[in-house]
Amino acid sequence: MGTFEVNGGGFVRDGREHRVLSGALHYFRVRPQQWRHRLGMLRAMGLNTVETYVPWNLHEPKPGEFALLNDLPAFLEAAAQGGLDAIVRPGPYICAEWDNGGLPSWLTGQPGIRIRCLDERYLSAVDSWFDQLIPLVAEHQVTRGGNVIMVQVENEYGSYGSDQAYLRHLADGLTRRGIDVPLFTSDGPEDFMLTGGTIPGVLATVNFGSEPEQAFKTFRGYRESDPLFCMEFWCGWFDHWGNEHVTRDPADAADTLKRMLDAGASVNIYMAHGGTNFGLWAGANRPGADHLGVLKADVTSYDYDAPIDERGGPTEKYWKFREVLQTYAAQPLPDVPELPPLLPEQTVTLTETLPLLTVLQQVPATASGMPLSFEDLGVHHGVVLYRTAVPGPRASYPLTADGLDGIAHVFSDGHKLATLDETAPTLPFDVPAQEREVSLLVESMGRVNYGPLTGESKGLKGLRHGQQFVHGFTAHPLALEDISALPWELAAETEGAAFSRGTIELTEPRDTFVEIPHGTKGYVWVNGFALGRYWNIGPQQRLYLPWPLLCQGRNEIVVLDLTHPVRDLAFKREAQ
């Protein structure tokens, strides 16, 4: 058994003074077969600890149905075998540029529910989830022979709220379920964050990316004796679709790290290795001072301009960080692990085409007066075909999609009229009505993961012809997490949105990057696994395909493009 304690303004590990040198690496953004390599990269950079969030919505996709609960314990064991302690941040809210900040959409979609506070329905769900999760974390604490040294209470709560009773409920619940290592909170170095997000008796830490002297000075104004700890040193940043790729000068990041360590602080590098937002788990933000701006969805890659890139390779930033961290190591650092080889560049031909509308027509319809949200329809992410009829005869009026949180392709009598989003929710021309059928194919993007609109619903809230609401809808929902039941027997040529399928024979599975050279916007699956979204507006143009998703022999590739069929894709040897 071991110990980890806060003592005299510092940390003590097994009776000795200890500085936590941690790096963020999320087990759910890396395939399990690659954990050992990535953890070895952290150790070789000079770190002694790994930090991870736990995404509630990944592990409880439906109320009371738990999945992949063995992943976190297996990851903690792999870290321990690699010589790393662990910091666990169980939420329930995690932000992390992860869909809905990790909160399940089946929970936040309940009418009238209030999240991240003492709301009875919310707390009941949190407590049920923690009953499953926290005992697994407790088993791996250093006090029980494991490697977990710290556990977080909520996450950056001061950026959102000030319900101290809620934070106390969570902290007491962690202790009651067996957590006896130090609890902590983490917030930005701002007065409202450090007052709203901390609670007496629980260690406070701060998150920032630059100017460590000022950040720690502000922190000291609120916590005189807590150890200095930057729980999130933002050494890079994430990307939104349609924006430029974000980078940070490696020398500047290394200088900030050195200044932090020279101040005697502990640090968690966020991210040390970002990994990938596989599937449909990428989050979204609403930029602006109030975080109420236009939705900007996060890209599939979570490279984060981190010192370890998306494929697990060392960058210039890695070598500069390693140089800084070596000076704080008691012995020479381990050798840097080698990367596995890449596949040769090649093209995969997609020979089958299945129209998306054909698939949607096979989905049972749900009728309602007003359009139902994705949450109402039990769809986490995917597409929904809303159908209605504008009554007539009448004059021509504007047609407006209200509350559109996503992208809508509008059809009338089988012909596409336009594509709408929340910045342009009205057709650019008036629509006459002679009992005219109107269909809207609505695609969801990531749910907001930070700010006051965290938890907002997806889909269509209403359709107006002029000032008048149109009523009488049917909805055909299609979740895109699992496409194993697609009716390929109905394959046919089309000029519109379609699934396309092909296969490739491989003698050995290796890493590669997928490029869809003639694709516009859509999704890719490899051997049934949802690799992620693509979109030709960038900045990401290729999707990382890790070797564990491939197999020796025949491999199936499926692409859904929301504009037209895709006939081929390419395997490339570089990210861009």
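The values are calculated or read from the model by the stated rules, or taken from the named source; none is laboratory data. In this text the structure is predicted, and so the values were computed from the model without any measurement. All Cβ positions, glycine included, derive from the backbone under ideal geometry; neighbour counts span all protein chains shown.
Does R31 satisfy the criteria of being without any contact (Cβ under 8 Å) to a residue 12 or more places away in the chain and not assigned by TED's automatic domain parsing to the domain that holds Y544?
When the stated conditions are applied, R31 does not pass them.
Only residues that are over 25 Å from the mean Cα position of the chain (by Cα) and within 24 Å of G313 (Cα to Cα): list them for the range 508-536, please.
Of everything in the range 508-536, those that are over 25 Å from the mean Cα position of the chain (by Cα) and within 24 Å of G313 (Cα to Cα) turn out to be E508, P509.
Return the residue satisfying two criteria in turn: it lies in the range 398-426 and is in a loop (DSSP other than H, G, I, E, B) and in contact with an Asp or Glu (Cβ under 9 Å, 6 or more places away or on another chain), and of such residues it is farthest from K521 (Cα to Cα).
P398
It is to be established whether one or more residues within the range 201-208 are of a type in the set (A, V, I, L, M, F, W, C), closer than 20 Å to A289 by Cβ and free of Cβ contacts under 8 Å to residues at least 60 places away in the same chain.
Quick first cut of the range 201-208, residues of a type in the set (A, V, I, L, M, F, W, C) only: 202-204, 206, 208.
Of the ones still in play, those that are also closer than 20 Å to A289 by Cβ are 208.
The next check asks that each one be free of Cβ contacts under 8 Å to residues at least 60 places away in the same chain; those that pass are 208.
The answer is yes, given that some residue of the range 201-208 is of a type in the set (A, V, I, L, M, F, W, C), closer than 20 Å to A289 by Cβ and free of Cβ contacts under 8 Å to residues at least 60 places away in the same chain.
Out of everything in the range 98-122 that is outside any helix (DSSP H, G or I) and of a type in the set (K, R), what residue ends up being surrounded by the most Cβ atoms within 10 Å (Cβ to Cβ)? Full working, then the answer.
First, the residues of the range 98-122 that are outside any helix (DSSP H, G or I): 98, 103-104, 109-119.
Narrowing the set further to residues that are of a type in the set (K, R) leaves 114, 116.
Details: R114: 14, R116: 23.
Within the range 98-122, the match that is surrounded by the most Cβ atoms within 10 Å (Cβ to Cβ) is R116.
Given (1) out of contact with any Lys or Arg (no Cβ under 8 Å at 6 or more places or on another chain); (2) in a helix (DSSP H, G or I); (3) small (G, A, S), where does A272 come up short, assuming only one miss?
If we test A272 against (1) out of contact with any Lys or Arg (no Cβ under 8 Å at 6 or more places or on another chain); (2) in a helix (DSSP H, G or I); (3) small (G, A, S), just (2) comes out false.
Considering every residue within the range 482-493, establish whether at least one is among the small types (G, A, S) and touching a residue at least 60 places away in the same chain (Cβ under 8 Å).
In the first step, residues of the range 482-493 are kept if they are among the small types (G, A, S); the result is 484-485, 491-492.
Subsequent filtering for residues that are touching a residue at least 60 places away in the same chain (Cβ under 8 Å) retains 491-492.
Yes, the range 482-493 contains at least one residue that is among the small types (G, A, S) and touching a residue at least 60 places away in the same chain (Cβ under 8 Å).
Out of the range 11-23, which residues are surrounded by 15 or more Cβ atoms within 10 Å (Cβ to Cβ) and either under 18 Å from H140 (Cβ atoms) or not hydrophobic (A, V, I, L, M, F, W, C) (or both)?
Correct list: R13, H18, R19, V20, S22, G23.
Testing G146 on (1) closer than 24 Å to M1 by Cα; (2) in a loop (DSSP other than H, G, I, E, B); (3) out of contact with any Leu (no Cβ under 8 Å at 6 or more places or on another chain), one condition comes back false. Which one is that?
Exception for G146: condition (3).
Going by what's in this entry, would V514 be described as closer than 17 Å to K572 by Cβ, at pLDDT 95 or above and either among the hydrophobic types (A, V, I, L, M, F, W, C) or assigned to a loop (DSSP other than H, G, I, E, B) (or both)?
Answer is yes for this residue.
Being part of a strand (DSSP E or B) and either closer than 30 Å to I483 by Cβ or outside the structural domain of T474 (by TED's automatic domain parsing) (or both) narrows it down to one residue among A395, A367; which is it?
Only one candidate passes the filter, namely A367.
So that you can scan it fast, the table gives a plain yes or no per residue for (1) surrounded by fewer than 18 Cβ atoms within 10 Å (Cβ to Cβ); (2) part of a loop (DSSP other than H, G, I, E, B); (3) at negative phi:
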{"position": "H471", "(1), (2), (3)": "yes, yes, yes"}
{"position": "E493", "(1), (2), (3)": "yes, yes, yes"}
{"position": "A530", "(1), (2), (3)": "no, no, yes"}
{"position": "E556", "(1), (2), (3)": "yes, no, yes"}
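Would a scan of the range 241-261 turn up a residue that is within 20 Å of the chain's Cα centre (by Cα) and within 18 Å of Y53 (Cα to Cα)?
Looking for residues that are within 20 Å of the chain's Cα centre (by Cα) and within 18 Å of Y53 (Cα to Cα), one finds none in the range 241-261, hence no.
Under 8 Å between Cβ atoms, which residue pairs at least 6 apart in sequence (or on different chains) link something in the range 371-386 that is in contact (Cβ under 8 Å) with a residue 60 or more places away in the chain and outside any loop (DSSP other than H, G, I, E, B) with a partner that is charged (D, E, K, R) and crowded, with 21+ Cβ neighbours inside 10 Å?
Between residues of the range 371-386 that are in contact (Cβ under 8 Å) with a residue 60 or more places away in the chain and outside any loop (DSSP other than H, G, I, E, B) and residues that are charged (D, E, K, R) and crowded, with 21+ Cβ neighbours inside 10 Å, the close pairs are S373/K458; G382/E443; V383/E443.
Which pairs have Cβ atoms under 9 Å, sit 6 or more apart or on different chains, and link a residue in the range 228-250 that is more than 30 Å from F184 (Cα to Cα) to one that is part of a strand (DSSP E or B) and of a type in the set (F, W, Y)?
Listed pairs, sorted by first residue: W241/W535; G242/W535.
Quickly run through the range 181-214 and pick out the residues that are of a type in the set (D, E) and loosely packed, with under 15 Cβ neighbours inside 10 Å.
If the condition is that a residue be of a type in the set (D, E) and loosely packed, with under 15 Cβ neighbours inside 10 Å, then D191, E211, E213 are the ones that fit.
Please verify whether G519 is under 26 Å from F411 (Cα atoms), in contact with a His (Cβ under 9 Å, 6 or more places away or on another chain) and modelled with pLDDT of 95 or more, treating the condition exactly as stated.
So G519 passes the test.
Looking at (1) crowded, with 18+ Cβ neighbours inside 10 Å; (2) within 16 Å of Q346 (Cα to Cα), can you tell me which one E508 breaks?
(1)
Report, by residue number, each residue of the range 39-86 that is in contact (Cβ under 8 Å) with a residue 60 or more places away in the chain, polar (S, T, N, Q) and within 30 Å of Q331 (Cα to Cα).
T49
Yes/no per residue for (1) at positive phi; (2) modelled with pLDDT of 95 or more; (3) hydrophobic (A, V, I, L, M, F, W, C); (4) surrounded by fewer than 16 Cβ atoms within 10 Å (Cβ to Cβ):
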position	(1), (2), (3), (4)
L342	no, yes, yes, no
E352	no, yes, no, yes
V384	no, yes, yes, no
L399	no, no, yes, no
H415	no, no, no, yes
E435	yes, no, no, yes
M445	no, no, yes, no
